[in-house]
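Working notes, beginning with the structure itself.
The values are calculated or read from the model by the stated rules, or taken from the named source; none is laboratory data. Owing to the predicted nature of the structure, the values given are computational and were not obtained by experimental measurement. Don't worry about glycine lacking a Cβ; one is built from the backbone with ideal geometry, like all the others, and counts go over all protein chains shown.
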């Protein structure tokens, strides 16, 4: 437990060491927040509700996703794959620390930093300029926070999982790009899953991806309420556990391969 | 001028030869880029699943804008996409080596690479273009065909000029690249949609001051024979070439200023 | 050929003061630098790390603009006429590769030919000559990234000379090379100087480079020129002392041997300093062997750092013979 805390702190500090990069990223997130905001607003020129969202919901969705970009970190994480390729992973495996658990702890520390410095500012900024919605019930805020925490875990597990492809694939980049694309689309990062055509929506909810972004947001804007919130949280936990189990299996298989091939 | 073009051709073919040494990796990259670019268009399609029009624009018209933007951007990325490495060139001393050679520094930096794998993005733009044509009923004539071709080229020039202009910030701060990205990728995202969607101040900043609206929006109005929801004068539809030239002049001036600063302030 | 008059280069540096504030202060990398190098000279430029050598070379080649003072290289002002000057000079930085990494060596030459607009017949003649002198044929078709250090350096030397530069700036060209490779480099540079009259400014830490190649030395320390003269004079005055390092079989008090100027003792090892004109290493070894039983010995030559330190501590800023 103490070790987890230490690792999380390291994760936090690693990103806190580059404030200029954080500010630059924050700027980019804000610019795109404005662009996406106006694009989605255009949908409401002749309609009040689209996909169950009103314009305030849609704008809140935009600014929440912009704030969560860094926190959930769906884009481009290839650290494990690089370490597998270079052989450095052997060092990690030789240590008395479980790489999956260590990675998770480290990522949580990172996520806290990003939530504070690349998450909160754009959301506040968006709230100043636009009319956003926010839950009135403090329990919903709590559920949201919990949901985001689970979302981070689900995202990390997915990243870890597709990184393990480097154990087997020489051109693992292809696999990682595909994995990122799937996650981006089906998590609701690009457009809300509620906007998807029925068949696509069904596919999305059969995957863990909405658990990374859409579920916490739907709680926040009130699309998921009452008992559904508990259900959604439970579903997130299910995906988290399932993905972690897959990671375990992939890691074990990868290690076996390394040992056999002396990689 | 001809000599410069010849040297550029040689330097760039050297870069391309390096990239093609890893054939399979290259193909996978291209496919990957195609798919990543498709995500943005997936958003467009999903949006139009929910509404018949975005402002006054139909799905075909938005697809047309998107295609012009994507193709222009891909072309620009071919030629100057590697400018996000300028930071590296400066840091590793490669830029100093360029200062030792009897050629302009911007010329050398631009000649240093050619991002062939952006082919994936170009193909995606072409695919969307084909889709747009299949959905729209454009009354093609020589003027409109020429305008479309000209627009893609001018759009590429405008994107390139903006890229050069904003990347100069790395001569002052190491972390500049990400901020510069906000303008270039932000600009590209902006031009995928009709600019009348955006608020006035955003339009003024990213549409006119940084002249992104001339990449696709205004020329498209001419080709689509569409009334401008913003009600702006129609000569703007033919202004892309002029805007491109002005953008290049600004970019060149900024570069010269930035390199002068670098040579005074030291490595 | 090269004229430097009261050149100064100031940099602005920021020092952190607490969490958020920064304090601006000025660093003088080079101050009151004045010297001139005639055409056809092979000049060594030496000094400790951080002394201002690379800053000077950057100003001479047009990479950096001086804060004040006047520089003239081949009659041109480097800061204002960079491109014109670039045609007439060549430069090679030991740590930085100027060739195209992924391409065969010969392709780099071809590209440079076009970048520098070298006439075809000159290019062919030069390439043929350098291929022979530097023995490039075995690896002419090999990608630069696969070359060994020695091969890469030879390739770069060829690249530097292809366009017939009048002046060549070399920054530690022999660093990391074995003895044979170093010899080859030196021969090549001597040939370039003698046959083509190329002026060479050579930055190096290797005293042997200086001794073999240079007829002139400039020494810089902390931004100031502290020596400007010939090599012989430098060695005679400051490079004269060598050190014999002996490992004895049993501890002994500092050996008292004629010709030795100072002795340092550390356990079984003793360092005996002596001047060239006073004795030789061979004589000294024999003398020591008569007084104690030797297990091992070595001879240390003075290095540039040593020489610089001596010049500096001698208290005088000698400029010129």
Among the listed residues A:126, A:119, identify the single one that is in contact with a helix residue (DSSP H, G or I) (Cβ under 7 Å, 6 or more places away or on another chain), modelled with pLDDT under 95, in a helix (DSSP H, G or I) and within 19 Å of residue A:156 (Cβ to Cβ).
A:119
Looking only at residues that are more than 24 Å from residue B:206 (Cβ to Cβ) and either in contact (Cβ under 8 Å) with a residue 60 or more places away in the chain or crowded, with 17+ Cβ neighbours inside 10 Å (or both) in segment A:35-61, which one is farthest from the other protein chains (Cβ to nearest Cβ)?
A:56
Number of the exception - residue B:114 against (1) outside any helix (DSSP H, G or I); (2) more than 12 Å from every other protein chain (Cβ to nearest Cβ); (3) free of Cβ contacts under 8 Å to residues at least 12 places away in the same chain
(3)
Pairs needed: first member in segment C:190-218, not assigned by TED's automatic domain parsing to the domain that holds residue C:165; second member anywhere, modelled with pLDDT of 90 or more; C-beta distance under 9 Å; at least 6 residues apart or different chains.
none
Among the numbered conditions (1) in a helix (DSSP H, G or I); (2) surrounded by fewer than 17 Cβ atoms within 10 Å (Cβ to Cβ); (3) within 12 Å of another protein chain (Cβ to nearest Cβ), tell me where residue B:102 comes up short.
(1)
Please pick out the residue among A:28, A:22 that is more than 9 Å from chain B (Cβ to nearest Cβ) and either surrounded by fewer than 23 Cβ atoms within 10 Å (Cβ to Cβ) or modelled with pLDDT of 90 or more (or both).
A:22
For segment B:165-176, indicate whether the set of residues that are more than 14 Å from every other protein chain (Cβ to nearest Cβ), more than 24 Å from residue B:36 (Cα to Cα) and part of a helix (DSSP H, G or I) is non-empty.
yes
Residues of segment B:117-141 being within 18 Å of residue B:151 (Cβ to Cβ) and either modelled with pLDDT under 90 or in a loop (DSSP other than H, G, I, E, B) (or both), in sequence order, are B:136, B:138, B:139, B:140, B:141
In segment A:219-247, how many residues are in contact with a helix residue (DSSP H, G or I) (Cβ under 7 Å, 6 or more places away or on another chain) and either free of Cβ contacts under 8 Å to residues at least 40 places away in the same chain or surrounded by fewer than 13 Cβ atoms within 10 Å (Cβ to Cβ) (or both)?
2
Among the residues of segment C:33-52, is any assigned to a helix (DSSP H, G or I) and assigned by TED's automatic domain parsing to the domain that holds residue C:159?
no
Could you give every pair whose Cβ atoms fall below 8 Å, whose first residue belongs to segment B:59-88 and is free of Cβ contacts under 8 Å to residues at least 12 places away in the same chain, and whose second residue is surrounded by fewer than 24 Cβ atoms within 10 Å (Cβ to Cβ), counting only separations of at least 6 or pairs across chains?
B:88/B:94
Filter result (surrounded by fewer than 21 Cβ atoms within 10 Å (Cβ to Cβ) and touching a residue at least 40 places away in the same chain (Cβ under 8 Å)) within segment B:13-31
B:15, B:16, B:19, B:20, B:26, B:30, B:31
